[in-house]
Amino acid sequence: MRTSWRTASLVATAASVLALTTACGQDNTTTPASAAQNVGATAAAGGYGSPGAGAGAGTEAGNGYGADGNQSSASPSPAVPAGKLTVAANPDLGNVLTDGSGLTLYRFDKDTANPPKSNCSGDCATTWPPVPADDATAGAGIDKALLGEVTRADGGKQLTVGGWPAYRYAKDVNSGDVNGQGVGGKWFALAPDGKKAKTSGLPGLSVRKDPRLGDIVVDKNGMTVYRFLKDQAWPKSVSNCTGACLEKWPAVGPVKADDTEGVKKKGLMPFTRPDGVKQMSVNCWPIYTFSGDKAPGDTNGQGVGGTWYAVSPDGKPVGAPGK
C-alpha cells in the first residue's frame, strides 16, 4: 500500500512539474489533424449526418447513408424538379453543383457512372431524394454535355452528372447547406464536372499575403484568422469571447504544429476554454475566424470594434494601434 501511494505521489509530482514547464499554460498534447475545426458557431467535428452536426455522428455511420436509423420504408416525398443547375462557391469545398433552389447536389460512392446506376432506394432514397432529370438544364459554368439520366428501379428518371446519379440531402434546408458532405464516408457534394467536391488542400494554418494588410494567417479553408485584444496570452492563454461573441467569432480548433506553414512555431498550441472546448493559439494568443467573412481573402473583421485584428505570422495583431 505504501509503495502504491509513493508511486502515485511521484507521478503527481512529475505531472505538476510538466504542467509548470508547458509554454503559456497551454495543453501540450497531440491533436489529430481531423480534429482541426472552428468551434462555437460551427458544427462539431464529424457530425454532418444530423442537423447542425458533422459527418459520421450519432447513428449516421451505422446505416451507411446518413438516415437517422428510425425511418420507415415509406415512399419518398414527391420529387422536386431540378430546374436550372448552378455553380456555387463554397469556402470549404470550392465550386459545388446546386439545383434551381440553391440546394447542394450529391453523389454516392456505391453508385456507378459507367454505366450509370443508382444503388440508393427505400429509406436511402428518403434521406437522399433522387434529383429528377425531366426539367434539369445547365446554367453558367456547367457543360450540358455532362448532364444525362438513368432509369431507376421504380421507373423514374434520375439526373446524372458525368454519369453519376444526383441526389439532394433531406437535412439540407437552406441554400448553400452542405450537411451531406462526407456522410458515412460515401456521400460527397458534386463538383460541376461530376467529380467529388474537395477541400482546399491548404495546411491547417498558413500565411497569405494580403494586398492591404501584408502577411496574415489563414485557416485550412483560406479564411482570415483574427485576434481579440481583450484576450490574454500570458501567463496562460485566456479567451474572453463567449456566448454571442463566439457566434460571431468562431474559435479556431486545434491544429497540429506540423500542419502549419509560415506560422511561428513558438506558442503554437491549443488550450482549453472554460467550456472545455480546445482552441488554437498563435504565440499563445487565442485565434478566431469571423462569421462576416464569406469567402477566402475576405478581411471584413479587420478593426471591428477597435478590438479585432488579423493575425501576423508571429501572432501580433496586424494594424492594431500601439501594437
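The values are calculated or read from the model by the stated rules, or taken from the named source; none is laboratory data. Remember, it's a predicted structure, so these values are computed and weren't measured experimentally. With ideal geometry, Cβ positions are generated from the backbone for all residues, glycine too; neighbour counts draw on all protein chains shown. We work out accessible area using only protein heavy atoms, side chains counted, and drop any ligands, DNA or RNA first. Shrake-Rupley method; radii C 1.70, N 1.55, O 1.52, S 1.80 Å.
Determine, yes or no, whether LYS171 is over 30 Å from GLY297 (Cβ atoms) and touching a residue at least 24 places away in the same chain (Cβ under 8 Å).
Details: over 30 Å from GLY297 (Cβ atoms): no; touching a residue at least 24 places away in the same chain (Cβ under 8 Å): yes.
In short, no.
Just to verify a result, which residue in the stretch 275-288, among those that are at pLDDT 95 or above and in a loop (DSSP other than H, G, I, E, B), is surrounded by the most Cβ atoms within 10 Å (Cβ to Cβ)?
Top of the filtered list is ILE287.
Output the residues belonging to the stretch 262-274 that are open to solvent by 40 Å² or more (accessible area, probe 1.4 Å) and either closer than 27 Å to GLY176 by Cα or not in a loop (DSSP other than H, G, I, E, B) (or both).
THR272
Return yes or no: is VAL238 modelled with pLDDT of 90 or more and either of a type in the set (Val, Ile, Thr) or within 19 Å of the chain's Cα centre (by Cα) (or both)?
Considered against the rule, which asks whether it is modelled with pLDDT of 90 or more and either of a type in the set (Val, Ile, Thr) or within 19 Å of the chain's Cα centre (by Cα) (or both), VAL238 comes out as yes.
Touching a residue at least 40 places away in the same chain (Cβ under 8 Å), among the basic types (Lys, Arg) and in contact with a helix residue (DSSP H, G or I) (Cβ under 7 Å, 6 or more places away or on another chain), is that true of LYS236?
yes
Out of curiosity, is VAL178 under 28 Å from THR299 (Cβ atoms), out of contact with any Gly (no Cβ under 9 Å at 6 or more places or on another chain) and either among the hydrophobic types (A, V, I, L, M, F, W, C) or modelled with pLDDT of 95 or more (or both)?
Considered against the rule, which asks whether it is under 28 Å from THR299 (Cβ atoms), out of contact with any Gly (no Cβ under 9 Å at 6 or more places or on another chain) and either among the hydrophobic types (A, V, I, L, M, F, W, C) or modelled with pLDDT of 95 or more (or both), VAL178 comes out as yes.
Just need a number here: residues in the stretch 115-141 that are under 12 Å from PRO81 (Cβ atoms) and either open to solvent by 50 Å² or more (accessible area, probe 1.4 Å) or of a type in the set (D, E, K, R) (or both).
The number of residues fulfilling the criteria is 3.
Report the residue count in the stretch 91-114 for those that are more than 13 Å from LYS196 (Cα to Cα) and assigned to a strand (DSSP E or B).
Adding up the residues that qualify gives 2.
If I ask for residues that are among the aliphatic types (A, V, I, L, M) and assigned to a loop (DSSP other than H, G, I, E, B), which ones from the stretch 289-318 would you list?
If the condition is that a residue be among the aliphatic types (A, V, I, L, M) and assigned to a loop (DSSP other than H, G, I, E, B), then ALA295, VAL318 are the ones that fit.
Do we have LYS209 as touching an Asp or Glu at 6+ places or on another chain (Cβ under 7 Å), at negative phi, not β-branched (Val, Ile, Thr) and not in a loop (DSSP other than H, G, I, E, B) here?
Details: touching an Asp or Glu at 6+ places or on another chain (Cβ under 7 Å): yes; at negative phi: yes; not β-branched (Val, Ile, Thr): yes; not in a loop (DSSP other than H, G, I, E, B): yes.
Considered against the rule, which asks whether it is touching an Asp or Glu at 6+ places or on another chain (Cβ under 7 Å), at negative phi, not β-branched (Val, Ile, Thr) and not in a loop (DSSP other than H, G, I, E, B), LYS209 comes out as yes.
Is one or more of the residues making up the stretch 149-160 touching a helix residue (DSSP H, G or I) at 6+ places or on another chain (Cβ under 7 Å) and surrounded by fewer than 23 Cβ atoms within 10 Å (Cβ to Cβ)? Give the steps one after another, and end with the answer.
Step one: filter the stretch 149-160 for residues touching a helix residue (DSSP H, G or I) at 6+ places or on another chain (Cβ under 7 Å), giving none.
Checking the stretch 149-160: not a single residue is touching a helix residue (DSSP H, G or I) at 6+ places or on another chain (Cβ under 7 Å) and surrounded by fewer than 23 Cβ atoms within 10 Å (Cβ to Cβ).
For the stretch 62-114, enumerate the residues that are modelled with pLDDT of 95 or more, surrounded by 16 or more Cβ atoms within 10 Å (Cβ to Cβ) and out of contact with any strand residue (DSSP E or B) (no Cβ under 8 Å at 6 or more places or on another chain).
The answer is LEU103, and nothing else.
Residues of the stretch 196-219 being surrounded by 22 or more Cβ atoms within 10 Å (Cβ to Cβ) and either closer than 24 Å to ARG107 by Cα or among the basic types (Lys, Arg) (or both), which ones?
Once the filter is applied, which keeps residues that are surrounded by 22 or more Cβ atoms within 10 Å (Cβ to Cβ) and either closer than 24 Å to ARG107 by Cα or among the basic types (Lys, Arg) (or both), the stretch 196-219 yields only ALA197.
Only one of these conditions is not met by ASP193: (1) over 30 Å from PHE271 (Cα atoms); (2) open to solvent by less than 30 Å² (accessible area, probe 1.4 Å); (3) over 17 Å from the mean Cα position of the chain (by Cα). Which number is it?
The single condition ASP193 does not satisfy is (2).
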